[in-house]
Structure formats: structure tokens, C-alpha cells
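The structure appears below as C-alpha cells.
The values are calculated or read from the model by the stated rules, or taken from the named source; none is laboratory data. The structure displayed is predicted, hence computed values, not measured ones. Cβ coordinates were reconstructed from backbone atoms using ideal geometry, including for glycine residues, and neighbour counts include every protein chain displayed. For accessibility, only protein heavy atoms count, side chains too; no ligands or nucleic acids. Shrake-Rupley method; radii C 1.70, N 1.55, O 1.52, S 1.80 Å.
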Amino acid sequence: MSFSSLGLSEQLVRATSDQGYETPSPIQQQAIPAVLSGKDVMAAAQTGTGKTAGFTLPLLQRLGEKPRQGKGPRALILAPTRELAAQVHDSVNLYSRYIPTKSAVVFGGVKINPQMMKLRKGLDVLVATPGRLLDLYQQNAVRFNEVEILVLDEADRMLDMGFIRDIRKVLDLLPAKRQNLLFSATFSSDIRKLAQGLLNNPVQVEVAARNTTAETVKQSVYPVDQSQKSALLSKLVRDNSWEQVLVFTRTKHGANRLTQKLEKDGITAAAIHGNKSQGARTRALANFKAGEVRVLVATDIAARGLDIKQLPQVVNFELPNVPEDYVHRIGRTGRAGERGHALSLVCADEGKLLAGIEKLIKKQLPRKEIEGFEPKNNLPLKPKAKADPSKARNRNAGRGTNGGKPGQGRSGNGKPGNAAKSAGRSNNGGRGRAGGQQRSGARRQSA
Ligand code: AMP
């Protein structure tokens, strides 16, 4: 299987070889012919599967079939975050290097005037976050009458972030006759509802079972008290000589605090979250990619769409409130077939969140205690019903179930317990968003 056998032009194939791609990834093998056929597509694809090229390459080919009449855009790609929008635009640029197609990206948090100028010059592909796109429309800087192809990228996240109204507003402005492509990591009932109103007899593309985590990612849980987490993280970074690790925190303040602690421990670190200016975010990412910063600390929203090649290590400093975010987070490692390792520092208070995650991904993660960091407040390692009473006594006595021996805390193959009530909490999108949320990052982050 090669890119040219999928029906892509020589120029597009050359652009993929420039990137070092040898064979199309599974999502590309399915999505490229489907998009080329002109049909609507509904694709279940996590980040890291090569989905961006999966829709960008055939989209570029279709646009290349006839020239632009007016100022465009002819393809509109909506993305939930600035980072993802910028990254998708980078891909559009890379793949269109041998064809005359013009593109631009617009998102909030930066000046609107330069974006207006770009749009005025005319373009084929516009990558946008929904809020800024509507601002531009309201200021007559963009028209949609030439849109032939619409892509909703990471649609689940757009709903999570409360963009449903903006998306619906944009949809109302588009020509009725167009091709629609919907990409989403997960398919909640809200996404299905959106898809029903949007897609016309779509080709369905699915590569990995929904909400599963990539086989190439080794996952483990390190039970530890909250107060010991930053010290344990510093130790892990040092002991394992990690040179590039992405760490997730639940809040912006948490990200700042952890960054300071790491720096104090002599480990270079930078934080990336919604309160940082776009410039600071871009700089932090560039320094991380260049290897000048060892640890990048990010919140879920800010990390969405980060594409860092061959990231070997992801750490959940805190588990996410929404189980699906775990899948997104660890999708940052083990990308495009690389091996990766995702570990989670989990304290007793996070037992329910962990159970929700394990229920979602349908596997129990191995536990590993680190000597000197055994939790005083024990993480429920086994489902309550199966707990061995003698071990339960031990637990009540104060320390863990395993006498502090590293590695013995694993609970093996038991079911993930009954505390997974939080599993269905995500995707309650459509909550509406207050104006300006796009600019300030997502509300959930401020929790
Ligand atoms: P995405 O899922 O679109 O975020 O892509 C994940 C990563 O895979 C990006 O770094 C791409 O450059 C890379 N990638 C995309 N397609 C291929 C391919 N066919 N072979 C190797 N790497 C790829």
C-alpha cells in the first residue's frame, strides 16, 4: 500500500515522502479514498493516528481539480484550540508545498487585523477556531459562499469546550451543497446528534476501537500521596534520565506551581496553559521541542493538538476529571507506531477517577510503588468486593497492601471496580459557552 495507490497526485505523494512517510497509516488508507470520492466522512480517529494527513491530503487533491473563482475559502477546517489549528495549518502547508493552493490559519488570542489582511488576499484552505472565525465573519472579513469542503477536527473536544452554538452558527452560513468530514476521538450521543444533522450518508471510518489506548503505549500507575507527587516526579525524571517529558496537571495554577518546584529541583521546566499568551505558549513549546526544556507542564486544553514527534514519556501528575481526557493525554506518546510510556501519579482521592478511566479503556493498569514514596493514604488497589480481608486489615493499619515492596501493589486482572460513576461525565457539551471563552481557554481548566 502506497500513497500513490490511494489515488493521490504525484505532488502530494512527493510531499509525504519529504516527511519520511513510507506507507499510509490505517486511518489514511480508509479516509483518503473516501474523501477523494467526494462523500461525507465520519471518522473515529484519535490524535496520533495520522488523521490530519488523512483529511488534508485528499482535500488538497480535490481543491486542485479546479481553480478558485473568488477569494475563497473553499475548504474550511474547524479545530477546538489554537495549538491544534496552528498544527493542522502547518500540515496543510507541508502537504501543499508542490501545489499552488493557498492557506491561512485564524484563532483567538492574537490580533485580528493581520488575519483580516490574509483573508483579503484570497485563499483556498482556512483553518480556524470557531469563535475567531465568527468574529471575522461579523466584521465582513470572510465569506463562506465558496466553501466546498468542511472539516470538523476533534469534534468531541469542540463540544466539550462548549463550541456547539458557534459550530451551528457557522453551519448555517455555509452553502448547502458541500462535502462534510467529521473527525472525533470519541463518539458520544451529542456527537452522533451533530453528525446526524450534518452528514449525508457518510462513509464511516474507524481504526481503533473507541476509547481504547494505543498498544504501543505502556501504561502504569504510581500510587503516591498528593504531597509527595512533585518530589517523586523530580526523582523519576532524574533516575530515568528523561530528557523530554510532557506532564499533565488539572489546573493552570497547578501547572505553574509544579513548574516552579521542578525548576527548584534543578530540572528545566515550562508551563503551557490558557492563561499564557500565545507567544509564551509557542515559545515554551519550541524550547521543549528543541530540548532546552526537559519538562513541559500542560493542562488538558492547552495540550490538545500538541504534536511533538516521538515523545517518549507522558506523566499524569493528576488524573483528568473526564476519563476520555486520559485517552487524549496518553495519545501524546507512542505516536505513529513509536513506543511510548505513560505513567500516572495517583493519590487516594483519585481512586474514583482511576476506576472511571480503567472502565473506559477496559483494562486495569499495573500499579507500581516507589520505595520511599509509598502512600500513607492508600489508593484502593483492588475492587472492594474482591479485597482480601487480611490485606484490608493491613491497609487499616496505616500502610499499603504490600509492605512497601515496589512493584507488588499491582492488582493484576481484577475488574476496575464499581467506582466508575464518573465514566459518563464527558461530552456534556452544548452547555453553551459564555462569549469570549475561546480567548480565555476553557472553563473546565479553571476548576
Ligand atoms: P496526527 O494524528 O494527524 O496528529 O499525526 C500524528 C503524527 O504522525 C504526526 O507527527 C505526523 O507527521 C505523523 N504521520 C502522519 N502520517 C504518517 C505516516 N503515514 N507515516 C508516518 N508518520 C505519519
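Using the Karplus curve 6.51 cos²θ - 1.76 cosθ + 1.60 with θ = phi - 60°, work out ³J(HN,Hα) for each residue of region 287-295 in order, rounded to whole Hz, and write x for Gly and Pro.
Karplus-based 3J(HN,Hα) across region 287-295 equals 5, 5, 5, 7, x, 7, 10, 7, 10 Hz.
By how many nm would the segment from residue 200 to residue 238 grow when fully extended, if each residue of separation counts as 0.36 nm and the alpha-carbon distance is taken off?
Here the segment from residue 200 to residue 238 would lengthen by 8.4 nm.
Ignoring ligands and nucleic acids, what accessible area does residue 218 show with a 1.4 Å probe (Å², nearest 10)?
About 120 Å², ignoring ligands and nucleic acids.
Quick check: with the 1.4 Å probe, what order do 107, 248 take by accessible area, largest first?
107, 248
Return the long-range amide H neighbours of residue 218 (sequence gap of 5 or more, or a different chain), with a cut-off of under 5 Å between placed amide H atoms.
340, 341, 342
Could you order 21, 326 so the one with the most accessible surface comes first? Probe is 1.4 Å.
21, 326
So, in nm, how far is label residue 362 from label residue 256 when the simple model puts each one 7 Å beyond its Cα toward the Cβ?
Going from the residue 362 label point to the residue 256 one covers 4.3 nm.
Using amide H atoms built 1.01 Å from N in the peptide plane, name the residues 5+ places from residue 248, or on other chains, whose amide H lies under 5 Å from its own.
Correct list: 298, 315, 316, 317, 318.
What figure in square angstrom, to the nearest 10, would you give for the accessible area of residue 265 with a 1.4 Å probe?
Here the accessible area works out near 70 Å².
Heavy-atom accessible area of residue 5 with all protein chains present, probe 1.4 Å, nearest 10 Å²?
80 Å²
Using label points projected 7 Å from each Cα along Cα→Cβ, tell me how many nm separate residue 37 and residue 193, to one decimal.
So the two model labels end up 3.0 nm from each other.
Could you please put 187, 3 in sequence from largest to smallest accessible area, using a 1.4 Å probe?
From most exposed to least exposed: 187, 3.
What's the FRET efficiency of residue 14 with residue 371 using the Cβ-Cβ distance as r and R₀ = 60 Å, to the nearest 0.05?
0.65
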